[in-house]
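Chemist: Take a look at the following structure, please.
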Amino acid sequence: MANQVFPTKGNLMASKKSLELAKLGYDLMDKKRNVLIKEMMNLVDDVKLIRDEITEAYQRAYNALQDANISFGIISDVVESVPIDTGISISYRSIMGVEIPKVTYKKTPIQMGYDFEKANSKVDYAYVCFYHVKELTVKLAEVENALYRLANAIRKTQKRANALQNISIPEFETTVKFITDALEEKEREEFSRQKVIKMQKDRQKRLKEQG
């Protein structure tokens, strides 16, 4: 870059301004990255806990479903009678410009949508187990989605910070040094030229006075 910039005071001021902005941009990217990493680390433990809990809940629910099928026969008719849940809504909150989803689940009282004569206590228990699985799935979807978005934002922020730190800032520093050195050399040459001219004028003045 330095070899392509003409060494003028205007270009020096512009390069110094660009260098200042690049350093400011890096500082902002670094702060954003740290905030996002902190937020992500807070979610990592939550994800692990919910995953462990949902694994156990699924196992319990499928065991209950198996017991229900054994005790009452295949309960596909009962499953089809379960109403569709419409109590989920999604909103967003912003963390350093990253939109993080907030899943709100409006719980409704557990209501068996099937006839009691078509089921038994084991079917009821399986229904309750899967209801709990649904609640955990909503929580896991929210946390995992937030974790994915944060990780993706951190990756992009890190990439931009690296580009500023390893490419842009060094290039601007090199350009500033190149122009500064060139201008200083030009000033030294101008000073030497003016000094020679003054010496010549002084010499001519003395010769004139002597003549």
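Chemist: What angle, in degrees between 0 and 90 and rounded to the nearest 10, separates the Cα long axis of helix 169-210 from the longest principal axis of the Cα atoms of the chain?
Modeler: Tilt relative to the chain: about 10 degrees.
Chemist: Any idea what angle helix 9-72 forms with the longest principal axis of the chain, computed on alpha-carbon atoms, 0 to 90 degrees, nearest 10?
Modeler: Roughly 10 degrees between the two axes.
Chemist: Separate question: Take the solvent-accessible surface of the protein heavy atoms, probe 1.4 Å, and return the percent of it on the chain that carbon and sulfur atoms account for. Don't skip to the end; give the middle numbers.
Modeler: Values: 8370 of 14970 Å².
Reported share for carbon and sulfur atoms: 56 percent.
Chemist: Here's something else I'd like to know. Using 0.36 nm per residue, how much length does the chain from VAL47 to THR86 gain when fully extended, once their Cα-Cα distance is taken away?
Modeler: Once the chain is fully extended between VAL47 and THR86, it gains 11.6 nm.
Chemist: Continuing with the same structure: Taking 41 Å as R0, compute the FRET efficiency from the Cβ-Cβ separation of LYS195 and LEU28 and round it to 0.05. Walk me through the numbers on the way to the answer.
Modeler: Values: r = 48 Å, r/R0 = 1.17.
The value I calculate is 0.30.
Chemist: Next question, about the same structure. Helix-derived [θ] at 222 nm for the chain: sum -39500 (n - 2.57) over DSSP H runs of at least 4, divide by residue count, nearest 500?
Modeler: -27000 deg cm²/dmol
Chemist: Cβ neighbours within 10 Å, averaged per peptide: list 96-102, 146-152 in order, most packed at the top. All intermediate terms of the calculation are to be shown ahead of the outcome.
Modeler: Values: 96-102: 14.0, 146-152: 17.4.
With the highest mean Cβ count within 10 Å placed first, the list reads 146-152, 96-102.
Chemist: Among residues other than LYS106 whose Cβ falls under 12 Å from its Cβ, what is the net charge (Lys/Arg +1, Asp/Glu -1)? Display every interim value, and only then the final one.
Modeler: On the way: positive: LYS107; negative: ASP85, GLU135.
Neighbour charge sum, excluding LYS106 itself: -1.
Chemist: To the nearest 20 debye, what charge dipole does region 158-211 have about its Cα centre, counting +1 at the Cβ of each Lys and Arg and -1 at the Cβ of each Asp and Glu?
Modeler: Dipole size: approximately 400 debye.
Chemist: Give, as a single signed number, the net charge of other residues whose beta carbon lies under 13 Å from the beta carbon of PHE178, with Lys and Arg counted +1 and Asp and Glu -1.
Modeler: Summing Lys/Arg as +1 and Asp/Glu as -1 gives -2.
Chemist: Using the per-residue mean of other Cβ atoms lying within 10 Å as a proxy for protection, in what order, highest first, do the peptides 192-204, 158-170 fall?
Modeler: The packing order, highest mean first, is 158-170, 192-204.
Chemist: Now for a different question. How high is the FRET efficiency from ARG203 to LYS16, r the C-beta distance, R0 45 Å, rounded to 0.05?
Modeler: That pair, ARG203 with LYS16, gives E of 0.60.
Chemist: Along Cα→Cβ, 7 Å out, is where each label goes; now give me the distance between the ones at ILE37 and TYR148 in nm to one decimal.
Modeler: A separation of 2.4 nm, rounded to one decimal place.
Chemist: Once R0 is set to 41 Å, what does the formula 1/(1 + (r/R0)^6) return for the Cβ-Cβ distance between GLN66 and THR104, expressed as a FRET efficiency to the nearest 0.05?
Modeler: 0.80
Chemist: Among (1) 55, 45, 34; (2) 137, 24, 24; (3) 66, 40, 34, only one was calculated for this model; which label is it, if the read-out is Cα extents along the principal axes in Å?
Modeler: (2)
The values are calculated or read from the model by the stated rules, or taken from the named source; none is laboratory data. Keep in mind the model is a prediction, meaning the values are calculated, not measured. For neighbour counting, all protein chains shown are included, and Cβ atoms are generated from backbone atoms with ideal geometry for every residue, glycine included. Remember, those area values only see protein heavy atoms, side chains included, never the ligands or the DNA or RNA. Shrake-Rupley method; radii C 1.70, N 1.55, O 1.52, S 1.80 Å.
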